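The values are calculated or read from the model by the stated rules, or taken from the named source; none is laboratory data. Not measured: the values here are computed from a predicted model. Glycine also receives a Cβ, built like all others from the backbone with ideal geometry; neighbour counts cover every protein chain displayed.
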């Protein structure tokens with residue numbers, strides 16, 4: 001018997017022995033239990049939760065305002081090296097040209113290669129990315145890893161700017177997993193619908209390891225800005 | 001003096017005495033009440049339906065354990081389909097050998113670890129270091145403990161027994177500089193040191209808060225982001241999970257996510273919830289090229305077969321520790337094992353042995369605060385009583401047997417009971433001091449060592465009732 005077979009055999013026997021002693025429940029249906037929703041105004045709920053988690057939110061009405069805000073934040077944080085992701089919204093804003101014209105050093109994720117990518121990731125002062133979803137109930141950003149959206153962009157630089165649209169808000173955490181499941185119809189199996197890394201970000205990096213006192217920015221970004229555009 | 005913070009031990013009474021006299025520890029434990037314990041209550045209160053959601057979570061766990069063999073096989077198939085590798089470890093020794101072997105095969109030299117109690121359970125670091133690897137704990141609390149050479153004392157706040165002054169001392173010595181004892185400076189020093197380690201590491205080792213059978217997804221929940229860095233920077237990722245961490249469907253995950261952080265700290269969600277589904281895909285710029293999942297038994301199948309199966313439902317949130325009046329007086333190191341608090345009082349005797357840990361099932365007032373705080377409502381008091389029963393069956397003292405026999409006989413015969421009571425009154429009355437016995441003679445001395453014993457009332461309730469009733473009738 002291989003170690004795998006021996007392992008599973010032991011578990012099988014233990015399951016049978018233990019099941020005899022009690023009732024075996026079927027996998028329960030949730031029937032809506034635990035669904036919180038986000039009330040009549042998901043954006044308001046997101047704002048409350050996201051700010052409670054220590055995140056910053058800027059509501060903006062158009063592309064010009066968004067670009068101006070990005071520049072303003074970069075100047076406030078006094079940083080130079082910018083790591084720029086790419087998604088349809090970021091492409092529309094054409095941040096690369098806008099920032100380069102103002103003398104800033106912009107590294108576009110698309111221009112990087114896997115072999116050399118760690119260095120610019122570690123060196124960047126600020127990461128600018130899109131998001132895939134926002135969860136109103138929990139005040140979270142949802143980011144799928146992809147060639148144009150590496151894990152590092154929202155992780156390694158000390159400041160993260162996430163640019164989102166209002167229509168990307170889902171009310172409840174359960175809705176996200178419903179949406180994630182929906183991909184299965186397009187992709188054949190649920191597993192391949194998930195990216196290699198799906199991350200929910202709820203505020204800046206935190207630790208309470210010294211006397212349970214909150215300190216931000218211990219490993220991940222200490223500051224996270226969400227720029228929310230009207231759709 | 002024994003150093004209970006460094007070594008696992010079986011000296012519960014000795015460790016308790018030391019803990020009670022440790023003033024910084026006592027101050028640290030008081031802080032738990034106002035922060036994590038209050039957070040747990042606030043968290044549940046803020047979640048509509050939290051009670052029913054906890055029942056639902058428990059039912060998912062019960063179902064999973066009742067079909068654990070099937071779900072483990074499904075998990076394996078899903079991981080393999082993604083290009084990951086699954087390893088089966090029957091014991092701690094197997095798990096250590098497997099992980100050392102992965103490191104060798106992939107020529108890894110430097111490992112970074114995100115916080116994992118399961119890796120503590122199998123004493124992984126020592127084995128990796130013996131095999132020539134450099135290992136760094138990257139959870140800030142765990143890093144402090146690694147430098148100090150200590151064990152974690154809490155499931156989610158491992159360095160809770162430290163003060164800012166002691167952390168400053170530990171880190172100052174490490175960096176060879178005099179650091180101020182301000183938490184922000186200390187944490188950012190940690191960031192600087194550990195960022196270098198992430199840059200150089202080629203092996204990332206994590207635990208798993210959950211593993212989804214249907215998708216092969218390993219879920220990591222952290223506040224600092226070290227779990228993300230561990231699964232982003234090194235080229236090899238090894239996830240070590242106790243086999244009970246599997247859940248059936250992706251749709252079951254949000255049920256647990258909604259409860260875990262609320263139970264642990266009162267947060268709606270922890271800062272980072274990371275779902276790892278296989279290794280890096282083509283075109284991606286970061287993430288590990290290799291993904292290994294090590295599934296650990298190490299005594300769990302024995303527990304699964306018996307009356308303490310419910311203990312395998314634990315999601316390691318630490319809520320029962322914060323709620324427990326015993327843990328909040330003695331801290332985590334006193335319990336002696338890897339897992340502490342009420343759940344540790346069950347897990348340590350089960351994993352290690354009941355006879356090695358005879359005091360742990362009694363380290364509880366059975367008040368039920370642990371169960372009330374538990375996100376999956378584990379009936380910890382029931383299991384503690386169950387362990388006491390196991391001890392009773394193993395008991396060898398004939399005197400104790402005889403005493404319980406006599407006790408049970410007297411309780412079953414009202415006339416004998418009344419007689420015994422009258423006898424006790426006669427015998428103990430003269431020894432009383434202001435209605436209390438401060439010191440009992442002979443075998444009773446243990447009882448009055450730390451508390452007084454009440455003198456039986458001069459008249460029994462039955463006598464008084466009879467009299468009152470007679471008066472009323474008149």
Inset, instruction - Kindly establish whether residue B:366 is within 22 Å of the chain's Cα centre (by Cα) and surrounded by 17 or more Cβ atoms within 10 Å (Cβ to Cβ). - result: no
Legend entry - Residues of segment B:191-214 classified as closer than 25 Å to residue A:117 by Cβ and within 8 Å of another protein chain (Cβ to nearest Cβ), total: 4
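Yes/no matrix, rows are residues, columns are (1) at pLDDT 95 or above; (2) farther than 22 Å from residue B:158 by Cα; (3) in contact with a helix residue (DSSP H, G or I) (Cβ under 7 Å, 6 or more places away or on another chain):
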{"residue": "B:339", "(1), (2), (3)": "yes, no, yes"}
{"residue": "B:343", "(1), (2), (3)": "yes, no, yes"}
{"residue": "B:348", "(1), (2), (3)": "yes, no, yes"}
{"residue": "B:375", "(1), (2), (3)": "yes, no, yes"}
{"residue": "B:383", "(1), (2), (3)": "yes, yes, yes"}
{"residue": "B:389", "(1), (2), (3)": "no, yes, no"}
{"residue": "B:393", "(1), (2), (3)": "no, yes, no"}
{"residue": "B:399", "(1), (2), (3)": "no, yes, no"}
Inset, instruction - Mind listing just one residue for me: the one in segment A:25-43 that is facing chain B (nearest Cβ under 7 Å) and under 17 Å from residue B:248 (Cα atoms) and, of those, modelled with the lowest pLDDT? - result: A:25
Inset, instruction - Evaluate the following for residue B:215: is it over 14 Å from residue B:60 (Cα atoms), in the same structural domain as residue B:143 (by TED's automatic domain parsing) and at pLDDT 95 or above? - result: no
Legend entry - Residue identified as under 17 Å from residue A:227 (Cα atoms) and within 8 Å of chain B (Cβ to nearest Cβ) among A:130, A:139: A:139
Legend entry - Of all residues making up segment A:154-169, the number that are in a helix (DSSP H, G or I) and facing chain B (nearest Cβ under 9 Å): 1
Inset, instruction - Would you mind stating whether residue B:419 is touching a strand residue (DSSP E or B) at 6+ places or on another chain (Cβ under 8 Å) and on the phi < 0 side of the Ramachandran plot? - result: no
Legend entry - Residues that are part of a strand (DSSP E or B) and either under 21 Å from residue A:216 (Cβ atoms) or facing another protein chain (nearest Cβ under 8 Å) (or both), drawn from segment B:221-240: B:221, B:222
Inset, instruction - For residues that are out of contact with any strand residue (DSSP E or B) (no Cβ under 8 Å at 6 or more places or on another chain) and part of a helix (DSSP H, G or I), scanning just segment B:289-311, find the one that is surrounded by the fewest Cβ atoms within 10 Å (Cβ to Cβ). - result: B:302
Legend entry - Residue among A:52, A:16, A:68 that alone is closer than 30 Å to residue B:75 by Cβ and surrounded by fewer than 14 Cβ atoms within 10 Å (Cβ to Cβ): A:16
Inset, instruction - Could you name every one of the helices (runs of 4 or more DSSP H) located completely within segment B:23-82 that has at least 2 residues being more than 7 Å from every other protein chain (Cβ to nearest Cβ) and within 24 Å of the chain's Cα centre (by Cα)? - result: B:23-32, B:38-46, B:50-66
Inset, instruction - Mind counting the residues in segment B:244-280 that are in a helix (DSSP H, G or I) and facing chain A (nearest Cβ under 7 Å)? - result: 7
